[in-house]
Amino acid sequence: LIYKDSDDADIFTMYVGNTAVDDVFRYDISEIDISSVHEGNDITRVSFIRDFQTAEGEEFTIEKSYAIPLNDEFLIQMSVRMYKADGSPVSIGDGNTAYTVSVGPQIGPAFQSLSSNYDWRRLEVKYAEDKDKKNLRFSDGHYAAEEAVDWMSLSGKYFAFVLMPEDDIAMSSVTADEATFDTGVPQKDIMYFSRANDGTLIDDIYSFYAGPKVSGYLDIYNRMGENIFGLNESSLNKVVDGNWLSWLEAILNWILQFFHRFIPNYGVAIILLTILVKLI
């Protein structure tokens, strides 16, 4: 559920320096058969390709691709490649940063205000050294990470956007902005991941989860053999909000899903769970 004004940046806007790359690209759509890894599952690959020139006149190519699973997963992968005709690295960007990708500005559904504790939007971060996520702390509407980041999320009560770079991508910065307005979208949140300009070949992969904050959909990315992209120990399940009764919620949810596997109707599964709790 993407909620934005017509003049806002798109959800995966890419910047080189301070300039958004909004040129017209040629594209290619193909199907990838990975049945040898996950039986019966395929991926649609959508690639956007265009040739450019550096300020010094060197020709190079930007290739931005999306891998979209055809199963029921809510995670896609985006790759960014930049290379010269001979396949060698290209040096572009601004200072320490080669390029930046952004996600924003907001997650739906539409809202007029966010005054209730039961209806909010917030940006959260999972640092590489921490076991759990943390709420972002803004200074004049801006946040800059001071340590390595595993992922950043824009969360509502029920849904979340989570952007996670591969571990081997050297980041020059991970930042976010938040602003409040009287008209249009009343709150805008946007996160930026900037790739370091370190002279290496740019061939980067980002995983992007866009879906319900449900442990059953998120837990699979902690186990390599259960998701189509082979992600492992991603901690994406940490985006689900917890409290001091989370352990009890987890037990009841497991029992509910157990009943649902045998009788695929949540109404019946809830009745059976209720009977079991009353018997206990």
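Structure above, values below:
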item	result
Partners for residue 64 among lysines (Cα-Cα distance below 24 Å; same-chain residues under 8 apart left out)	4, 84
Phi-based couplings in Hz for the range 104-114 (Karplus 6.51, -1.76, 1.60; Gly and Pro marked x)	x, x, 7, 10, x, x, 4, 8, 9, 8, 10
In the range 176-226, the chymotrypsin sites (Phe, Trp or Tyr not before Pro) that fall in loop regions by DSSP, at most 15 other Cβ within 10 Å	181
Residue-averaged [θ]222 nm for the chain, counting only DSSP H segments that reach four residues, each worth -39500 (n - 2.57)	-4000 deg cm²/dmol
Of 274, 175, 254, farthest towards positive along the dipole that unit charges on Lys, Arg, Asp, Glu beta carbons give the range 123-280	274
Angle in degrees between helix 266-279 and the longest Cα principal axis of the chain, rounded to the nearest 10	50
Rounded to whole Å, sorted largest first: equivalent-ellipsoid semi-axes of the range 161-231, Cα gyration tensor	26, 23, 7
Of every Cα-Cα pair in the chain, the percent that sits beyond 28 Å	44
Accessible surface of the chain, 1.4 Å probe, proportion on carbon and sulfur as whole %	52
Convex hull projection area averaged over all views, the range 179-280, Cα basis, nm²	12.1
Calculated FRET efficiency for the pair residue 86/residue 33, C-beta based, R₀ 30 Å, to 0.05	0.50
Where only alpha carbons of the range 1-148 are counted, the Rg and the Dmax (Å)	19.1, 56
Net charge, residue 75 excluded, C-beta distance under 14 Å - Lys, Arg +1, Asp, Glu -1	-3
Size of electric dipole in the chain: Cβ of Lys, Arg +1 and of Asp, Glu -1, about Cα centre, debye, nearest 20	1280
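The values are calculated or read from the model by the stated rules, or taken from the named source; none is laboratory data. None of these values were measured; they are calculated from a predicted model. Because the Cβ atoms are built from the backbone with ideal geometry, glycine has one as well, and the counts that use them run over all protein chains shown. We work out accessible area using only protein heavy atoms, side chains counted, and drop any ligands, DNA or RNA first. Shrake-Rupley method; radii C 1.70, N 1.55, O 1.52, S 1.80 Å.
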